[in-house]
Amino acid sequence: LRNSKKGFGPLVMDYSELLKAGRWCSAKSAAEAAILRNPHDRQAHFVKANAEDYMGHHRRAAASFSLSGSDGSATFKAACKQGLRHALIHLDQQEKGKYAWPELLQADQDFLASGASSPPPLPVAPYSAPLEVHVQRGRGRCVMVTKNVEAGQLLYVGKAFAIGGSLKEVQKASVAKLKRCLQAEHDRFFSLFDGSNAEKEVPDSLLEGRPTDLSLGGEPDAPREVDEEKVKTILEFNAYTREVLAAEGVTQEMTVGIWPAMSFMNHSCRPNVHLLSYGDLLVCRASLDLQAGTELVTNYVRLERPLVKRREQLRSRYSFFCQCPRCNLEERLLPDEEFQKFMEEKVKPMAKAPEKEKSIHWAESWSELTREIQWMISTKINRMAANLDSERKLVQACDELFEISFAGPEALAKRYSEQDKLRHRHVELSQKHGTEEPPELGRADLYGEQLHRLLCGSFGDIFAASARLWRRVKALENAAATSEYTAGIFEEIAPSSEKHAFWSAQAASMACQSFQRAAKKELLEARRYPNSARPGLSEEAGKAAEYAKRCHVLCYGEEVWPMLLEALNWPSQLKAVVAVSVSSHRVRLPYDLCPHSGREERKQVQLHASSPGSPSGSKSANSHVHGYKKSKHGSWKSKLDEVVAHEMESEQAVSKWARSSVLGADKPWARGQEEGGGTKARKALFFATKA
């Protein structure tokens, strides 16, 4: 009775009451005792099966459900059949990692839309089959992969031990659960790093995704005594904060949780895995092709920040000094003194402007800042080229970072072809100058492009801000180019991550819109003459779409790509590219169904036609677009061609200025604005409609 007041029930409870109270091990033991007394007790088999399914013994649970469902009422048989189906599904999830990813993604989207502080638990089993935890001298406990895996392959799915909207909520939930949970769950939590147990071995049975080790004991008969200060320390070292990408790629913190198996993973500023959240689930996938025995590393801090800020945050929160390969490279090539000077003179003055500034001059200023960063890094690489081949630390860092690449087969073949051409060129130069042996290619030659983008990752926020500004001012060509380079940066510092996928999608979308703007006259002509051929999508936009698809598939999985494609809201011709190969010839595509093609021109015509002073209204605008063949005079068609040509010249002037600003040329924007820009075209269109 004393324990019943604390929620544990009386000392003697039957197996059904134990199951309802969530005392799984006790319910299983009571059910097994009842089965010994009466082997035909179907209810005992049913309770035993439910307890085994919860504790990860899914194969046993399936057998128990089969025994319990052989007799009884129709309702009881249906419950046993449903339990058997769930146990088999959980068995596939535990052993093979087979999950219904579209349903999990939809459940996560519903949670985000609800605005709740913590997600509801999802009824799935954890998976960690290809993982093991080993202790390495100098690195402590490390998570290793036990087999060869490809990029995008699933490595881990775990359910949160506790989750909430803040660290305090997680601490409160953890303490409450530790008082009542299974002994294996209790031991798993306290095996996490607390500042003093880095070299302590972790039994394989304590990993999530393994059947619960019942030899450790079940739930306590009375609440355990829990050291709340130690729980707080463990959470400060091991809690994971979920970040959600907003519309423009800005991160926003959502929930905090603790997933024990992933907490054993060490940090690197260039991880080889990426983590995703689906409700209370944490999913880990390989970012690159990995060999068996490779240590899996993730990131504890944001990766698009400079070296000095990353190390400062790691030292203050996690009490260690990062010496990963990326940090070693940046320490030699981008010293703190030069970085601080650059930030003081260039970046901080730019940060004082309004956040939502839409001036095209402001966008050009940020673009010029990115060019200065690229020039500074290129100069550093050229100066330190010899050190990349002579200093042991730099040699190891380059080989470890760049030998395994995210690039697909075509990109790798192109890279190797360029390296072969460079070798032949060295041979020709040596023969020309009469030297016996040609100079060997250094790491600056072989890995120059990758190294350049990796170092630019320290200024990733600046490149992302530049891409956003170009998009706001409608400089689509510049927005596409900057988004593409930003995606390339994340390809080096965080391959296959959510931000990598986001910026690849932005690059494809901007490239498609830029193509539609450039082909506006041809698209308008195609709508006027339905039987005429329409321009095919540009090769740049097609390649960007294929690249974005690969990034999303490796990040989220092949199964959810159709859902992601709909969420991207791409134009229909861009969606078609990811299903068929890009062709260079002109093909007819359904541009009228695209949100960025014909509707923009039609809306613009209706807007001018319904402006004050126009007696025609929207009716005249519609006849202007669709009724041109009914005109008895040829002046209307020629006037329309003249208007369209003038509009194209105005937009080409803006695009030309945008390109020149990226390349650092003169800026004829003010001169173009004085000449009238699109004002003359709008006046001509207005008077033509009025006539």
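Descriptive notes on the structure:
- Whole-angstrom Cα spans of the stretch 119-160 along principal axes, big to small: 40, 23, 14
- Within the straight-line cut-off of under 17 Å between alpha carbons, the aspartates and glutamates reachable from Lys543 are Glu410, Glu477, Glu484, Glu491, sequence neighbours fewer than 8 places apart in one chain being disregarded.
- Prolate/oblate/rounded label for the stretch 59-129 (Cα gyration tensor, a/c 1.5): oblate
- Accessible area per residue (1.4 Å probe, heavy atoms of protein chains only) ranks Lys20, Lys177, Lys96 as Lys20, Lys96, Lys177, with the largest value leading.
- Calculated SAXS-style log₁₀ I(q)/I(0) at q = 0.15, 0.26, 0.34 Å⁻¹ - the stretch 171-214, Debye, Cα scatterers: -0.41, -1.01, -1.18
- Semi-axes of the equivalent ellipsoid of the stretch 306-345 are 19, 13, 5 Å, computed as sqrt(5λ) over the eigenvalues of the C-alpha gyration tensor in descending order.
- The alpha carbon gyration tensor of the stretch 149-249 gives principal lengths a ≥ b ≥ c with a/c of 1.5 or higher and a/b no greater than b/c, which makes the shape oblate.
- Net charge, Lys172 excluded, C-beta distance under 13 Å - Lys, Arg +1, Asp, Glu -1: +2
- Heavy atoms of the protein chains alone define the surface here; on that basis the stretch 224-327 has 38 Å² accessible area per residue at 1.4 Å probe size.
- Packing, as the average of other Cβ atoms within 10 Å across residues, places the peptides 550-556, 201-207 in the order 550-556, 201-207, highest first.
- Surface listing: Met254, Met262 arranged by accessible area from highest to lowest gives Met254, Met262, probe 1.4 Å.
- Panel values: the stretch 209-295, Kirkwood radius from alpha carbon pairs, Stokes-Einstein at 25 °C and 0.890 mPa s, translational diffusion coefficient 150 µm²/s.
- Shape category assigned to the stretch 133-196 from the gyration tensor of Cα positions, a/c cut at 1.5: prolate
- Accessible area in square angstrom per residue, the stretch 23-179, 1.4 angstrom probe: 48
The values are calculated or read from the model by the stated rules, or taken from the named source; none is laboratory data. Note that this is a predicted model, so its numbers are computed, not measured. Cβ sites come from the backbone with ideal geometry, for glycine too, and all protein chains shown count toward neighbours. The accessibility values were calculated without ligands, DNA or RNA, using every heavy atom of the protein model including side chains. Shrake-Rupley method; radii C 1.70, N 1.55, O 1.52, S 1.80 Å.
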